[in-house]
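Okay, so here's the structure we're looking at.
Just so it is clear, none of the values below were taken in a lab; they were calculated from the coordinates. None of the values given here were measured: they were computed from a predicted structure. Here Cβ is always computed from backbone atoms with ideal geometry, including for glycine, and neighbour counts include all displayed protein chains.
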Amino acid sequence: MSGKALVTLVEYEMADAEVRAVYDDIMETRKSDWINNFWKVLAHDPALLKRTWESIKQVMAPGALDPLTKELIYIAVSATNGCEYCTYSHTAGARAKGMTEEQFMEVLSVVGMANETNRLANALRPPVDVQFQPHD
């Protein structure tokens, strides 16, 4: 994703009031003075932009998991899915929340191991152990 976007970026100055309202909320929530390119491409569909922002804002809000753990999970899924943009974005987010290089490398090691063992289990189809199944 280091190349050109498939649609133009909707910069703040070019955005209509509906898009600017979402941009303003993003900047306020993130305590930032800029909008990243992911939101700028989604802005071509203001309903999609708003829905995606509202969902991510809710999911990434403080909860049972701390903000760094949520970013680490996002890195893991993004790396597994091969999303260059999301891997960069959430690595930056995790670093801003205190992630160390050691934690980053450990997360990627777990991701690699999980992908390998998942592929082996999917290929070999072992039955799920009764001890792993939920009990009433």
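Tabulated data for the structure shown
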| quantity | calculated |
| --- | --- |
| Boolean, residue 70 is among the basic types (Lys, Arg) and either under 16 Å from residue 5 (Cβ atoms) or under 16 Å from the mean Cα position of the chain (by Cα) (or both) | yes |
| Those residues of the range 80-114 which are within 17 Å of the chain's Cα centre (by Cα), among the charged types (D, E, K, R) and in a helix (DSSP H, G or I), in sequence order | 84, 95 |
| Hits in the range 28-52 - residues which are more than 17 Å from the chain's Cα centre (by Cα) and surrounded by 13 or more Cβ atoms within 10 Å (Cβ to Cβ) | 43, 44, 45, 46 |
